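The values are calculated or read from the model by the stated rules, or taken from the named source; none is laboratory data. What you see is a predicted model; the values in this text were computed from it and never measured. Heads up, the Cβs are rebuilt from the backbone with ideal geometry, glycines too, and the neighbour counts pull from every protein chain shown. Each accessible area value is taken on the protein alone, full model and side chains, heavy atoms only, with ligands, DNA and RNA left out. Shrake-Rupley method; radii C 1.70, N 1.55, O 1.52, S 1.80 Å.
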Amino acid sequence: CRIYRRDTFNDKIESNIIGTLTHHAFENVFNEIKFLQENKKRYADYKAVIEDYAKHVEEHVRQMLLDDKELKLQKHDLEYGRIFLAIQIIVKDVSHYLDKVHEELSGDTVSILGNELSVGFPMDVEGNSMYIKGSIDRLQKEDGHLKVVDYKTGKVNKDALKFQIPNFDEHSPK
């Protein structure tokens, strides 16, 4: 008897896929809530968006995986192995977080200002100039104060952390 191992992405799925898909799920929900807030809708409308997304989160996640051109997955690839487990983890995490969001938005004191915002700024630390850049998962106004929300969905690889030291002399007026 021989056991053959099927060579698919199920055996190659990386942990960052879970984080990426979770971020995309949150981005979809919060973009819709932000749109409703900008159009002066009430909490009942946000509640409906959250409940609908929570009800269909597995469908949304599966579709995001199928739409990812890099992964080249087929529908049957989502039914077993690591990808199936990743889907279940994402569904659980997103559903749990949406329950918290439901409570957070119920008081009408939170306004979503943006999602997945790119930021960058020069900084001087002990005489060393550097440029810090990244993205903010969600920016919101809560009880009159700005709040930066960062979703923690995976581990940080120290090799991925890089500092770029800008040459300000190149850009300064002569």
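If a residue has to be crowded, with 17+ Cβ neighbours inside 10 Å and under 18 Å from the mean Cα position of the chain (by Cα) to count, how many in region 38-57 make the cut? Please lay out each step first, then the result.
Our first condition is that a residue be crowded, with 17+ Cβ neighbours inside 10 Å; within region 38-57, this holds for 46, 49-50, 53-54, 57.
If we keep only those that are under 18 Å from the mean Cα position of the chain (by Cα) as well, we get 49-50, 53-54, 57.
Number satisfying all stated conditions: 5.
Quick check on Gly81: is it under 14 Å from the mean Cα position of the chain (by Cα) and either at pLDDT below 85 or of a type in the set (D, E, K, R) (or both)? Considered against the rule, which asks whether it is under 14 Å from the mean Cα position of the chain (by Cα) and either at pLDDT below 85 or of a type in the set (D, E, K, R) (or both), Gly81 comes out as no.
Against the condition open to solvent by 40 Å² or more (accessible area, probe 1.4 Å), in contact (Cβ under 8 Å) with a residue 40 or more places away in the chain and either among the acidic types (Asp, Glu) or not in a strand (DSSP E or B) (or both), how does Asp108 come out, does it pass?
Values: open to solvent by 40 Å² or more (accessible area, probe 1.4 Å): yes; in contact (Cβ under 8 Å) with a residue 40 or more places away in the chain: yes; either among the acidic types (Asp, Glu) or not in a strand (DSSP E or B) (or both): yes.
Yes, satisfied.
When the residues of region 1-37 are filtered to those that are more than 21 Å from the chain's Cα centre (by Cα) and assigned to a helix (DSSP H, G or I), the one that is modelled with the highest pLDDT is Phe9. The selection criterion, being under 22 Å from Thr22 (Cβ atoms), out of contact with any Lys or Arg (no Cβ under 9 Å at 6 or more places or on another chain), surrounded by 13 or more Cβ atoms within 10 Å (Cβ to Cβ) and of a type in the set (S, T, N, Q), does not hold for Ser135.
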